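Presented below is the structure to which this report refers.
The values are calculated or read from the model by the stated rules, or taken from the named source; none is laboratory data. Just so you know, these numbers come straight off a predicted model, no measurement behind them. Here the Cβ positions follow ideal geometry from the backbone for every residue, glycine too, while neighbour counts run over all protein chains shown.
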């Protein structure tokens with residue numbers, strides 16, 4: 001089925017993915033007509049999954065009903081503490097069963113959830129608390145140890161709730177278990193009424209912080225509509241894939257089990273992952289930290305259907321010498337975003353796992369999904385980030401932002417739709433620079449083809465300009481990834497007195513594989529123009545450093561040269 005036919009069928013009047021136009025901040029915008037109006041509405045809808053297992057963490061299993069009861073009780077406790085609409089409540093912890101419970105308890109009161117990066121240092125976490133003006137903080141024991149010295153200095157912080165603390169925390173801090181018990185107790189909590197709060201779709205819901213690869217992280221202020229949009233966007237993309245294949249999308253989503261290894265404080269995991277999986281009644285497995293062998297054990301034991309996150313995870317599953325000791329046949333999809341992937345990876349996922357690969361494009365400012373790419377379309381176009389969902393628009397603009405470029409030309413990607421956040425928290429100048437009449441200026445260099453498929457070429461700031469010639473890092477990285485010894489790589493610019501800068505590469509080789517600098521340079525030279533060949537290559541033993549969003553920290557790599 002053609003793209004046009006699939007879109008027309010899926011979005012027809014009365015169809016599940018019907019659209020309507022509403023005005024959002026003065027801009028007429030296509031939205032999903034059947035999206036839940038708020039996070040509170042979503043939480044009430046998914047109670048219908050009852051005794052189905054919602055989350056698994058080690059030996060803990062929480063059902064949808066038990067989670068619903070815990071949300072109701074925790075929201076009641078927060079209301080007693082004076083938390084109400086518009087208050088900021090921060091959440092800093094690793095992926096634990098209580099993470100989504102806390103998230104929905106806050107959001108169901110109309111308060112604003114501030115998921116803080118659990119990888120941050122104490123000073124960075126303190127910055128997030130001060131910048132957001134959070135009046136209450138939820139932490140796990142590790143983040144509590146990192147932050148407890150500064151609680152009294154944060155005048156606006158009224159209360160700290162600590163999960164899984166060994167000892168009574170004291171001072172401003174109380175134990176989460178004192179409020180709602182342990183996860184094993186949630187199913188026995190009394191059935192009380194859901195919190196009643198007046199929440200409109202475009203009310204503030206979340207502040208997710210940007211990855212902050214340059215300068216201080218900015219808080220992207222998102223609405224209930226922004227985040228629930230992903231539920232229908234993900235469903236639309238999956239249904240489009242089935243129609244394109246000649247299959248009929250099911251009336252009710254199949255029950256899937258997903259191994260979620262991306263941190264929930266990132267929009268990919270929370271917005272694109274958690275929201276869609278909850279809406280479909282999926283079972284979500286959490287890991288304390290990524291470990292390839294442990295992941296394969298979980299996939300085998302729980303019959304996991306979906307996993308992914310960043311390309312590194314897929315590579316490590318493929319390359320691990322013990323892979324054939326585990327039954328991974330339940331895997332149907334390995335999807336990732338946040339970082340470019342090699343075309344070779346797309347092919348190997350399909351050939352060696354029998355699973356369909358998937359990726360997409362989005363950013364914190366778009367609350368995750370804008371484009372989606374999977375299955376046969378991805379296999380046919382492995383360097384693309386896919387098609388925009390039906391409610392999104394893309395255009396390619398000059399770097400000055402004064403003119404739209406024709407199909408095929410590279411420029412800055414701009415995106416528009418109901419997933420675009422309101423702006424940056426308390427940063428009006430940065431908001432005005434980035435958000436223009438409903439569009440977000442992404443800072444990504446990209447092109448669109450005749451069918452509308454998106455190709456991310458580079459981050460504008462990562463492009464290497466050698467003597468006036470533009471070198472897009474993804475082009476060189478794709479060639480390096482195609483070498484059988486390379487499993488992780490990045491291109492960076494290094495200063496040059498005459499040319500301004502030159503390309504250099506950092507490479508991580510597969511276990512047991514060998515390749516020299518000269519061999520890889522010859523490999524690149526045989527495939528793309530000579531001026532794009534890295535003048536130097538450094539080899540590292542570990543996979544390349546990434547932030548929590550999966551983006552390679554190229555500023556750290558430049559020090560190797």
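Observations
- The range 524-561 - residue that is free of Cβ contacts under 8 Å to residues at least 12 places away in the same chain and part of a loop (DSSP other than H, G, I, E, B) and, of those, nearest to residue 267 (Cα to Cα): 529
- Number of residues in the range 305-323 that are within 13 Å of residue 355 (Cα to Cα) and assigned to a loop (DSSP other than H, G, I, E, B) equals 1.
- Qualifying residue in the range 393-412 (condition: touching a residue at least 40 places away in the same chain (Cβ under 8 Å) and under 19 Å from the mean Cα position of the chain (by Cα)): no
- Residue match in the range 446-464 (condition: assigned to a strand (DSSP E or B) and surrounded by fewer than 17 Cβ atoms within 10 Å (Cβ to Cβ)): no
- Matching entry among 176, 189 (being within 22 Å of residue 95 (Cβ to Cβ), in the same structural domain as residue 148 (by TED's automatic domain parsing) and over 21 Å from the mean Cα position of the chain (by Cα)): 176
- Enumeration of residues in the range 73-89 that are under 21 Å from residue 188 (Cα atoms) and crowded, with 22+ Cβ neighbours inside 10 Å: 74, 75, 78
- Subset of the range 465-482 (residues that are in a loop (DSSP other than H, G, I, E, B) and either closer than 17 Å to residue 552 by Cα or at pLDDT 95 or above (or both)): 472
- Candidates are the residues of the range 106-123 that are in contact with a strand residue (DSSP E or B) (Cβ under 9 Å, 6 or more places away or on another chain) and in a helix (DSSP H, G or I); the one that is nearest to residue 220 (Cα to Cα) is 107.
- Residue match in the range 27-44 (condition: free of Cβ contacts under 8 Å to residues at least 60 places away in the same chain and over 26 Å from residue 438 (Cα atoms)): no
- Any hit, the range 324-344, residues being under 21 Å from residue 232 (Cα atoms), at pLDDT below 85 and assigned to a loop (DSSP other than H, G, I, E, B): yes
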